Amino acid sequence: MMKETILKKAGDIFLKLGFKSVTMDDIANELAISKKTIYKYFKNKEELVDETVSLVHETMHNEVYCICDKGYNAIQENFEIKNMFKNMFKNSDDSPMYQLEKYYPKTFSKIMANEFSMFKDCISNNLKKGMAEGLYRKNIDEELVTKFYFSLAMSVHNSKLHAYNKNTLNKLETSVLEYHTRAIATEKGIKILEQQLKINII
């Protein structure tokens, strides 16, 4: 129970303040426990980061699947998923993914391998749904569209391309989603996209 409590609190703090700047002392103070208690479950910060990221990733996947089960149309579904990420990273001034890549590359590589696998399944299902609903064109190359969208979505975490401050990630993710949707949508789909953009004002 204590291990799960530590992981959850560490996840909140890492997403808010970044993986590099947060110390084991910071986490211990937030939980009002001794640092020794943390080391009882995790031999070092690298191990704590690795397990925390895995938990956050699993939580994120579960939330995505819950959204996909709610019966939204394909375009609205993508916006609901984007809003889930917005809420998750709302306190971040920097990209957590970029920090992970820079300071904890092993964890980053492991997560990215899992991320593409999950992303591929979600987008493939979304594309099929959108085509069946008449919101996406029938002649799209599903594999290529998935790779394009994944590459665009990941590019928002590249600090060499973007300068971050409050709400930057949300703005970039909204722009990527709009770009992706316009590239594959039918006229009917564009109308729903425009509605979603009005609702989801950046």
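Every read-out reported here was derived from the displayed coordinates using simple, explicitly stated rules and does not represent laboratory data. Since the structure is predicted, the reported quantities are computational estimates derived from the model, not experimental observations. Note: ideal-geometry Cβ built from the backbone for every residue, glycine included; neighbour counts use all protein chains shown.
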Point-to-point label distance, SER155-GLU58, nm (Cα→Cβ direction, 7 Å offset): 3.4
Helix-derived mean residue ellipticity, 222 nm - over the chain, DSSP H n ≥ 4, -39500 (n - 2.57), to 500: -24500 deg cm²/dmol
Distance in nm between pseudo-label sites at LEU197 and LYS36 (7 Å out along the Cβ direction from Cα): 6.0
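Could you give the C-alpha radius of gyration of region 23-85 expressed as a fraction of 2.2 N^0.38 Å, taking N as the number of residues it contains?
Details: Rg = 17.1 Å, N = 63, 2.2 N^0.38 = 10.6 Å.
Working it through for region 23-85, the quotient is 1.61.
Using only the Cα atoms, work out Rg/Rh for region 1-53, with Rh taken as the Kirkwood radius, to two decimals. All intermediate terms of the calculation are to be shown ahead of the outcome.
Numbers: Rg = 9.5 Å, Rh = 10.7 Å.
A ratio of 0.89.
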Alpha-carbon centroids, region 168-202 and region 114-159: separation in whole Å: 14
Measure of compaction for the chain (Cα Rg per 2.2 N^0.38 Å): 1.12
Nonlocal amide H pairs with TYR136, under 5 Å, H built at 1.01 Å: MET131, THR186
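Using the crude model of +1 on Lys and Arg Cβ and -1 on Asp and Glu Cβ, and no other charge, please compute the dipole size for region 45-199 relative to its Cα centre, in debye to 20. Before the final figure, lay out the partial values.
Details: 21 positive and 22 negative charges, 112 e Å.
Approximately 540 debye in magnitude.
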Cα-based helix-to-principal-axis angle, 142-155 vs the chain, degrees rounded to 10: 40
